[in-house]
Amino acid sequence: QTLYVNPRLEKTLKHTASEMLDTFPATAGFIKEASEYQKKIIEVIKTGKEQEIDLVLPDSEKGSRYHNVRFVAERGDDGTITGVLAIGRDITERKLVEDALRQSREATLLFSKQLTTLQEVINQLSEAETADDLNRMAVEIGRNLLEVDRMGIWFVDGQRKLMHGSFGIDEQGNLRDERNSTIELKEEGLAWLLLSTKKPMAQIENHALQDDKNRKVGEGYSAQAALWDGNNVLGIVSVDNLLSGMPISEQQLDILQLYANSLGYLIKRKWAEERL
């Protein structure tokens with residue numbers, strides 16, 4: 001049975017000491033890990049060896065907190081185990097730091113793998129025979145590389161009044177020939193921002209999503225990156241998550257920007273080859 005509960009545990013679990021006394025363990029019924037808590041106590045009683053457990057406990061002031069509980073055997077004068085002392089400490093800050101470091105390592109590893117894959121993709125695209133083949137392959141392969149639902153490549157005309165399509169992914173997730181699609185370029189929105197600033201940048205916003213005829217087909221997360229050839233912006237690469245509705249992460253934006261930069265150089269080179 002439980003013989004003593006300190007005021008801090010009362011406050012954390014929002015139960016009085018009288019409610020927890022004479023139970024085994026004191027947290028029985030109040031935390032989801034009560035059975036594991038009990039197993040640790042029994043292990044100490046059986047072996048006399050110190051045990052530890054990490055718990056998530058509700059806190060009346062700060063919400064759920066991580067706690068580490070150490071169980072130590074209490075012994076009588078003759079050395080026999082007479083009880084178990086449970087000592088808890090708040091380890092929330094440590095856990096948050098550990099989780100942040102783990103996520104950072106995982107993100108770094110994933111980004112490194114994506115960069116390697118990106119280089120392989122660029123090498124594959126460089127083998128395209130025509131500019132149309134290059135654009136089609138870039139859409140098909142790029143969608144999987146970036147893990148987005150839709151991707152499209154659009155080119156701006158010399159007067160910056162129109163955007164001309166190439167290939168894209170339709171509203172069912174299938175490849176669509178958009179070479180006959182034309183959209184008026186207005187002095188607003190992401191495309192105009194990228195084309196007017198001439199920066200290799202990507203933007204994201206939650207707004208209306210369109211098809212290749214500029215008709216609204218839904219709302220969701222969208223991002224666009226400039227097809228920058230080093231001197232001029234040729235057009236844009238547009239991606240969105242119309243089908244899944246999932247946000248586009250900062251890491252996806254970074255890869256999108258690198259992808260668009262590489263495509264800009266490849267497309268310019270392919271156009272030059274075709275003119276010759």
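The values are calculated or read from the model by the stated rules, or taken from the named source; none is laboratory data. Values in this document were obtained by computation on a predicted structure and should not be read as measured data. Please note: Cβ atoms are built from the backbone with ideal geometry, for glycine as well, and neighbour counts cover all protein chains shown. Calculation scope for accessible area: heavy atoms of the full protein, side chains included, ligands and nucleic acids excluded. Shrake-Rupley method; radii C 1.70, N 1.55, O 1.52, S 1.80 Å.
If you line up the Cα atoms of the chain on their principal axes, what length do they span on each, largest first, in Å?
In descending order, the Cα extents are 98, 35, 32 Å.
Would you mind checking the radius of gyration and Dmax of region 30-160 based on alpha-carbon positions, in Å?
When restricted to Cα atoms, region 30-160 yields Rg and Dmax of 28.6, 96 Å.
Quick check for you: with a 1.4 Å probe and neighbouring chains kept, what is the accessible area per residue of the chain, in Å²?
Values: 15640 Å² over 276 residues.
I get 57 Å² per residue for this part.
To one decimal place, what Kirkwood hydrodynamic radius in Å is obtained for region 155-204 from all pairs of distinct Cα atoms? Intermediate values should be presented prior to the final figure.
Working: mean 1/r = 0.0823 Å⁻¹.
Roughly 12.1 Å, rounded to one decimal.
If I take R0 = 22 Å and measure r between the Cβ atoms of Lys161 and Trp271 in this structure, what FRET efficiency does the formula 1/(1 + (r/R0)^6) give, to the nearest 0.05? Could you put the intermediate results ahead of the total?
Values: r = 20 Å, r/R0 = 0.91.
Calculated value: 0.65.
Grab the Cα-Cα distance for Ala208 and Gln1, subtract it from 0.36 nm times how many residues apart they are, and report the gain in nm with one decimal. Present the calculation step by step, with values, prior to reporting the outcome.
Details: separation 207, 0.36 × 207 = 74.52 nm, distance 6.19 nm.
Gain on stretching Ala208 to Gln1: 68.3 nm.
Might you work out the accessible area of Met163 for me, using a 1.4 Å probe with all protein chains in place, and round it to the nearest 10 Å²?
10
Return one number: the angle in degrees, 0 to 90 and rounded to the nearest 10, between the long axis of the Cα atoms of helix 34-47 and the longest principal axis of the Cα atoms of the chain.
50
If you fit an axis through the alpha-carbon atoms of helix 92-125 and take the longest principal axis of the Cα set of the chain, what angle between them do you get, 0 to 90°, nearest 10?
Orientation of helix 92-125: about 30 degrees from the principal axis.
Once both axes come from the Cα atoms, what is the angle between helix 250-275 and the longest principal axis of the chain, in degrees from 0 to 90, rounded to 10?
Taking the Cα atoms of the chain, the angle to 250-275 is about 20 degrees.
Treating the beta-carbon of each Lys and Arg as +1 and of each Asp and Glu as -1, no other charges, what is the dipole magnitude of the chain about its Cα centre, to the nearest 20 debye? Please list the in-between numbers first.
Details: 35 positive and 45 negative charges, 83 e Å.
Using Cβ point charges on Lys, Arg, Asp and Glu, the chain gives about 400 debye.
Taking all protein chains in place and a 1.4 Å probe, what share, in percent, of the accessible surface of the chain do carbon and sulfur account for? It would help to have the intermediate numbers written out before the result.
Numbers: 7510 of 15640 Å².
Ligands and nucleic acids excluded, carbon and sulfur reach 48 percent.
Could you let me know the centre-to-centre spacing of region 198-276 and region 1-47, using Cα atoms, in angstrom?
Region 198-276 and region 1-47 have Cα centres separated by 57 Å.
Under 18 Å from the Cα of Lys14, which lysines turn up, not counting those fewer than eight places away in the same chain?
Within the straight-line limit of under 18 Å, Lys14 reaches these lysines: Lys32, Lys62.
First measure r as the distance between the Cβ atoms of Leu109 and Ser196, then evaluate 1/(1 + (r/R0)^6) with R0 = 35 Å and state the FRET efficiency to the nearest 0.05. Before the final figure, lay out the partial values.
Details: r = 37 Å, r/R0 = 1.05.
My answer for the efficiency is 0.45.
With charges set only on the Cβ (+1 for Lys and Arg, -1 for Asp and Glu), what does the dipole of region 209-276 come to about its Cα centre, in debye to the nearest 20? Write down the numbers at each step before the final one.
On the way: 7 positive and 9 negative charges, 55 e Å.
Roughly 260 debye for region 209-276.
Using only helices, what value at 222 nm comes out for the chain when you add -39,500 (n - 2.57) per DSSP H run of length 4 or more and divide by the total residues, to the nearest 500 deg cm²/dmol?
Numbers: 7 runs with 110 residues, N = 276.
The helix-only estimate for the chain comes to -13000 deg cm²/dmol at 222 nm.
With a Förster radius of 51 Å, plug the Cβ-Cβ distance of Lys49 and Gln124 into 1/(1 + (r/R0)^6) and report the FRET value to the nearest 0.05.
Details: r = 58 Å, r/R0 = 1.14.
For R0 = 51 Å, the calculated efficiency reads 0.30.
DSSP loop (so not H, G, I, E, B), at most 10 other Cβ within 10 Å: list which GluC sites (Glu not before Pro) in region 4-83 pass both filters.
Details: sites: Glu10, Glu19, Glu33, Glu36, Glu43, Glu50, Glu52, Glu61, Glu74; in loops: Glu33, Glu50, Glu61.
Hits after loop and neighbour filter: Glu61.
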